[in-house]
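Down below is the structure, laid out as structure tokens.
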Amino acid sequence: MSDLQIRDLASAVGFAAIAYGLFNVLISFGSGRPVAEWINPHRSYLLSLAAVLLVTAAGLLQRGSQKHQTPPAAMLEALVRTEGAKPEAVGATSFALLAATLVGLYAYCRWFHPRDPRSFSPDAPDLRTEYRRAMRHYIRWSRQLDYAAMFSIEGERSEKSVHEALPEKEVFARMRRVDGMKVADGVDPASTVGEQLARWDALATRCFSQWPGLDTLVAPARQGENVLIFFDLQFGGVFVELIQEFSSDDGSKVRVFLFAVCLNQAGLDSASATRIYSLLGRAIRHIRSGGGKARG
């Protein structure tokens, strides 16, 4: 058995590292951001690119096999068994290593970065489903928000169009840590959480009904009307935001609000919950924009 030789394997690794390093440098200098943040809005394309690289590697290896009349496995084995491996084997290994690096970058983006708001589609056939997808992603990915809902307000009528929350067991566990909620032992989690969601909906309705008064309050500052309220409570906080305002067919004013609740005080103290809410609000507005197709 021949001694282990890694010169050719090291060459393949070096080519892949140079290609990825050049990719990083070009992106970082061109965008002014780390490559992971730049690629995050369209990170799914990393998997497509990795697939292309793997197909290219397989084709290159097959071509070398036919050219040198050597099985592909023997060509790859020569990378570590003998010096002077075939160029096709070195190139195929470089492509495969670069593909693996891109898959790793995709996994890093998915694990450490929430979806970019632009990755949700304003051209979705069912906008309510797309709203719900955005809410579910930011709520469950971060675990910073407990509940989010969209309301449409026309006159005195309030309609909740979509909502999303953490799983009942998780919301129930967080409620038990809030002294003011006084969750007793032995109560049914589903009904207890359901009652709390109704309380949050009632709070949202009260905020909407008093919105004109808030507009009057801030009017003297000459900076426009109120668009966002954040209540920093003793236990967590509440976000209420005016997403859009328009006139209906009969001329009455219609306002669309986004409402979100956070029971995690640590998330508010570190501004993590505020950042996630900001991403959710941007995603909802992007979905409502109706211009262009952006999927990720």
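The values are calculated or read from the model by the stated rules, or taken from the named source; none is laboratory data. Remember, predicted model here, so these are calculated numbers, not experimental data. With ideal geometry, Cβ positions are generated from the backbone for all residues, glycine too; neighbour counts draw on all protein chains shown. Calculation scope for accessible area: heavy atoms of the full protein, side chains included, ligands and nucleic acids excluded. Shrake-Rupley method; radii C 1.70, N 1.55, O 1.52, S 1.80 Å.
Which of the lysines could a cross-linker span from Lys182 if the Cα-Cα distance has to be under 17 Å and same-chain partners fewer than 8 positions apart are dropped?
Correct list for Lys182: Lys169.
Counting each pair of different Cα atoms once, what's the Kirkwood radius of the stretch 1-83 in Å, rounded to one decimal? Show your work: numbers first, answer last.
Working: mean 1/r = 0.0655 Å⁻¹.
Averaging 1/r across every pair of different Cα atoms and inverting gives 15.3 Å.
His113 to Ala51: extension gain in nm, 0.36 nm per residue of separation minus the Cα-Cα distance?
20.1 nm
Residues with beta-carbon under 14 Å from that of Ala74, excluding Ala74: net charge, scoring Lys, Arg +1 and Asp, Glu -1?
Taking every other residue near Ala74 into account, the sum is 0.
When you have a sec, figure out the Kirkwood radius of the chain from all distinct Cα pair distances and drop it here in Å to one decimal?
23.2 Å
What would the Debye equation give as log₁₀ I(q)/I(0) for the stretch 131-205 at q = 0.12, 0.15, 0.16, 0.25 Å⁻¹, counting only Cα atoms as equal point scatterers?
These q points yield log10 I(q)/I(0) values of -0.37, -0.57, -0.64, -1.20.
In percent, what relative contact order does the stretch 177-296 have, based on Cα pairs under 8 Å that are 6 or more apart in sequence?
15 percent
Run the reach check for Lys253 against aspartates and glutamates, Cα to Cα strictly under 17 Å, same-chain hits fewer than 8 apart removed. What comes back?
Leaving aside aspartates and glutamates fewer than 8 places away in the same chain, those within reach of Lys253 are Glu154, Glu156, Glu159, Asp215, Glu225, Glu241, Glu245.
With every protein chain kept in the model, how would you rank Asp8, Asp250 by accessible area, 1.4 Å probe, largest at the top?
Asp250, Asp8
So between Arg282 and Ile18, what do we pick up on full extension, going 0.36 nm a residue minus the alpha carbon distance?
Working: separation 264, 0.36 × 264 = 95.04 nm, distance 3.66 nm.
Length gained, Arg282 through Ile18: 91.4 nm.
Could you tell me the accessible area of His137 in Å² (1.4 Å probe, neighbours in place), rounded to the nearest ten?
Roughly 40 Å² of His137 is accessible to a 1.4 Å probe.
Assigning unit charges at the beta carbon (Lys, Arg +1; Asp, Glu -1) and nothing else, what dipole magnitude in debye, to the nearest 20, does the chain show about its Cα centre?
Values: 34 positive and 30 negative charges, 122 e Å.
Its charge dipole is roughly 580 debye.
Cross-link partners among lysines for Lys86, C-alpha distance below 17 Å, same-chain residues fewer than 8 apart left out?
In chain and number order, the partners are Lys67.
Mind checking which of Gln223, Leu49, Ala202 is farthest towards the positive end of the chain's charge dipole, using Cβ charges of +1 (Lys, Arg) and -1 (Asp, Glu) about the Cα centre?
The Cα lying farthest towards the positive end belongs to Leu49.
For helix 7-31, what angle does its Cα long axis make with the longest principal axis of the chain, in degrees from 0 to 90 and rounded to 10?
30 degrees
Between the stretch 104-120 and the stretch 219-254, what is the separation of their alpha carbon centroids in Å?
30 Å
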